[in-house]
1. By how many degrees, 0 to 90 and rounded to 10, does the Cα axis of helix 224-239 deviate from the longest principal axis of the chain?
2. Ignoring everything except DSSP H segments at least 4 long, calculate the 222 nm mean residue ellipticity for the chain; use -39,500 (n - 2.57) per segment, divide by total residues, nearest 500.
3. Can you sort THR243, THR233, THR93 so the residue with the fewest Cβ neighbours within 10 Å comes first?
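Values quoted throughout were computed directly from the atomic coordinates according to the rules given, and no laboratory measurement underlies them. As the structure is a computational prediction, the values presented were derived from the model and not from experiment. We place every Cβ from the backbone using ideal geometry, glycine too, and count neighbours over all the protein chains shown.
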Amino acid sequence: MKAAKIRLYLEHPLGEGQTIPLTQPQAHYLFGVMRQGVSDAVLVFNGEAGEWRAEVIEAGKRGGILQIAEQTAPQRDPPDLWLMFAPIKKARTDFIVEKAAEMGAARIIPVQTEFTNSERIRQDRLQAHAVEAAEQCGGTYVPEVSDVHRLDRMLADWPEARQVMFCDEALAGRAEGLGRDLPRGAPWAILIGPEGGFSEAERARLAALPQAHAVSLGPRILRADTAAVAAMTLWQNSLGDWT
Ligand code: SAH
């Protein structure tokens, strides 16, 4: 077996000796696009059971079979962090999902806010972006991408233990960083608004939520996609799995 370079997410139980049939798109990718063949090795993960090395034992145009050799990495789940953001234009929304998966979000939730442009999302496409990002970044976990949820409904029924890092552009330039004595190891959510920002009603609702912490992301107004990456960096560095 040659050294494995390609990583593939499979919705299949993984264990030593297990054989796994490939779907047509997987076979097309592995054998057509990536030019792999019988006896080549690939790394596979299913989001729950770590990473495993597998050998191609059958390769065809419409399918193929992998056989699992051994485990190469344990399962690593990200911290319990949700990234909530108001969907923007397609390419920028794709970017946010890809980056959130790389940066270690456990769940990605597009939210409809008062000033959200009615951009529609394709949940299945966004989920596929999260899978690709996990394959690419060496992760063993794939965050679930939800369908669009309404922010007001979510806030009305907000889980008691989950803290919110509320990125409020109205605080731009003020010294309101992510506080020092915030609960570590707790469930968290980052909230990023749309191009139009948050409404005063949304601000009032968040101000009344004890779990919400309004945070500034510096003196400049960032675009939502930049803000999402900046907020995740800040959170991971102070409360997440970077340190
Ligand atoms: N149109 C708004 C800006 C929206 S920016 C205005 O001009 O006021 C999109 C989102 O990114 C915001 O809702 C917020 O969640 C986040 N964001 C951008 N810059 C920020 C900053 N300096 N501090 C905190 N959040 C910021």
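1. On a 0 to 90 degree scale, this one is about 90.
2. Numbers: 6 runs with 63 residues, N = 243.
Dividing the helical sum by the residues of the chain leaves -7500 deg cm²/dmol.
3. Details: THR243 8, THR233 15, THR93 22.
In order of increasing Cβ crowding within 10 Å: THR243, THR233, THR93.
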